[in-house]
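Before any comments, here is the structure.
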Amino acid sequence: MAQLCFNTFNRSAYFGVDPDLPAQIDAAGAAGYRLFGPDTFSLDAWVSDGRSVGDLARMLDARGMQCWEMSTLDLGAREATLAAAHHVAELAAILRPRWILTNVGAPVDVELCETFTMVCDVLAAVGARPAIEYLPFTPANSLATTKVLIDHVGVDRAKILFDTWHHFRGPDTYVELEAASVDLIAYIQFDDARPMIGDDLVSETIHRRTFPGEGEFDLVGYCDRIKAKGWDGVVSVEILDQAWRDGSAGSLHEFAERTYESSARYWTITEGEV
């Protein structure tokens, strides 16, 4: 059985909008979510306004919710990466996420693997682990390229974030998905997408995702293959859409409800402890 997590990135400070994290917590809780996934851009904006991350932790607790994931940590040049990892760890020490979504911005070589080991050490001190997100436009663009990092540290220290958008828009096929060990899966990020209107994958991924079942992805086939592995973890719903971000498509509460309802029908949902 799976649990659903509300991902905040569509209304992230990264996009220059007010993330209004308390409102996102309220909307997610009202929609039925018990897990929450904030991003560091919005958390930093919250703190820069003189507010406390501890207040957000208390808001989640009052709603009977938990922080499951936190994004984003970029894996690249060692000094900058470790500085960012320590900053993320400070936030994670308060919010207690299980996973830190981690992107790869440098070639996957011996030096990066060693840097990744250090990152795992930093995050382990606060009870968190990196979940490497493979993206078709980064050096870690597939399960195989990402697995190099996981093999270096072991699945007890880090795993892979499986995202439907990055699978269907990347080089992997169902052959690679079926071959992947269930032990590699940190959690799933779930989304659909409209047909592409250009070759700018970054623009497509941050502006043109849609609710599961309303796009062109074979989500039934994807979910069937994940379930066949015996996986029953957390599904983070990450719909990134410009019209829902600026409010022109509907309210935040409507957005949260639609993300939950459109995703739940693909999974057997449980609300127990994670």
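The values are calculated or read from the model by the stated rules, or taken from the named source; none is laboratory data. Quick caveat, the model's predicted, so the values are computed rather than measured. Cβ sites come from the backbone with ideal geometry, for glycine too, and all protein chains shown count toward neighbours.
For the reader, a short list of remarks on this structure follows.
- Across region 234-247, the qualifying residues are those that are modelled with pLDDT of 95 or more and either surrounded by fewer than 14 Cβ atoms within 10 Å (Cβ to Cβ) or of a type in the set (Val, Ile, Thr) (or both), and the one among them that is farthest from VAL182 (Cα to Cα) is ALA243.
- For THR145, the stated conditions hold: it is among the polar types (S, T, N, Q) and more than 18 Å from SER71 (Cα to Cα).
- Across region 19-77, the qualifying residues are those that are of a type in the set (S, T, N, Q), assigned to a helix (DSSP H, G or I) and without any contact (Cβ under 8 Å) to a residue 60 or more places away in the chain, and the one among them that is nearest to ARG96 (Cα to Cα) is THR40.
- Residues in region 234-274 that are more than 16 Å from ASP191 (Cα to Cα) and assigned to a loop (DSSP other than H, G, I, E, B): ASP246, GLY247, SER248, ALA249, GLY250, SER251, THR268, THR270, GLU271, GLY272, GLU273, VAL274.
- With respect to the conditions (1) in a loop (DSSP other than H, G, I, E, B); (2) at pLDDT 95 or above, ALA186 lacks only one, and its number is (1).
- Hits in region 146-188 (condition: in contact with a Pro (Cβ under 7 Å, 6 or more places away or on another chain) and under 18 Å from GLY76 (Cβ atoms)): ALA158
- Extreme residue, surrounded by the fewest Cβ atoms within 10 Å (Cβ to Cβ), among residues of region 57-93 that are under 22 Å from ALA13 (Cα atoms) and of a type in the set (Asp, Glu): GLU90
- Residue in region 209-228 that is closer than 22 Å to PHE137 by Cα and part of a helix (DSSP H, G or I) present: yes
- Set side by side, the residues GLY154, GLY105 differ, and just one is without any contact (Cβ under 8 Å) to a residue 24 or more places away in the chain and either of a type outside the set (Asp, Glu) or surrounded by 15 or more Cβ atoms within 10 Å (Cβ to Cβ) (or both), which is GLY154.
- Scoring ARG11 on the criteria (1) in contact with a helix residue (DSSP H, G or I) (Cβ under 8 Å, 6 or more places away or on another chain); (2) among the basic types (Lys, Arg); (3) more than 20 Å from LEU123 (Cβ to Cβ); (4) without any contact (Cβ under 8 Å) to a residue 60 or more places away in the chain leaves a single failure, condition (4).
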